[in-house]
Every structure is written in structure tokens, then in C-alpha cells.
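Notes for the one structure printed next.
The values are calculated or read from the model by the stated rules, or taken from the named source; none is laboratory data. These numbers were taken from a predicted model, which means no experiment stands behind them. Note: ideal-geometry Cβ built from the backbone for every residue, glycine included; neighbour counts use all protein chains shown. For accessibility, only protein heavy atoms count, side chains too; no ligands or nucleic acids. Shrake-Rupley method; radii C 1.70, N 1.55, O 1.52, S 1.80 Å.
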Amino acid sequence: MIEALIVGLLVVACGLYWLGRVAPSATRGLWRGFGRTLQVIHAPSSLQMAVAGRATAAPQGGCGGCKGCDKNGGCH
């Protein structure tokens with residue numbers, strides 16, 4: 001029983017990780033909620049700032065996963 005719970009949590013964590021990598025805007029609400037929860041329970045400020053950075057992250061430009069950029073700053 002406990003093994004199934006651990007495996008289930010790992011699957012959910014991996015799913016959320018990849019959802020955040022593929023579609024970051026889909027997970028911003030989750031990060032905001034988590035940040036509010038951390039504020040309510042008075043978590044360390046460094047942890048709150050890390051979560052706030054995730055919740056307000058702007059889309060990155062340039063090359064994210066390609067091997068090189070062209071002259072205009074885009075991927076080949």
C-alpha cells in the first residue's frame with residue numbers, strides 16, 4: 001500500500017515537472033497557490049522567494065533547447 005502511494009506521488013511529481021517544462025503558463029497557478037500556502041505557514045523567506053520566482057517567471061527568449069542560435073537570436 002505504501003509503495004503504491006510513493007509511486008503515485010513520484011508519477012504526479014514527474015507529470016507536474018514536465019508540464020512546467022512544456023507549458024509553464026499551465027503551472028503558474030499551482031506555484032502561486034503554493035506560494036500563498038508557504039506565506040500562511042510562515043515558511044522560510046528563501047523558500048518563499050524561490051516559489052515566487054517560479055510563479056512570476058516570464059517566457060524566456062532565445063535558444064531554450066536547440067544547439068545554437070542564428071544571428072537574430074532565434075533557434076536554427
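Roughly to the nearest percent, how much of the accessible area of the stretch 2-55 is carbon and sulfur, given a 1.4 Å probe?
Values: 3010 of 4210 Å².
Answer for the stretch 2-55 is 72 percent, counting heavy atoms of protein chains only.
A viscosity of 0.692 mPa s and a temperature of 37 °C, combined with the Kirkwood radius over Cα pairs in Stokes-Einstein, give a translational diffusion coefficient for the stretch 2-55 of 270 µm²/s. Put Met1, Met49 in order of accessible area, highest first, and with a 1.4 Å probe you get Met1, Met49.
Placing dummy labels 7 Å off each Cα toward the beta-carbon, the span from Ala50 to Arg32 is 2.3 nm. What the stretch 2-55 shows is 78 Å² of accessible area per residue, with the surface traced by a 1.4 Å probe over protein heavy atoms.
If you take all other residues with their beta carbon under 15 Å from the beta carbon of Ala52, and give Lys and Arg +1 and Asp and Glu -1, the sum is +4.
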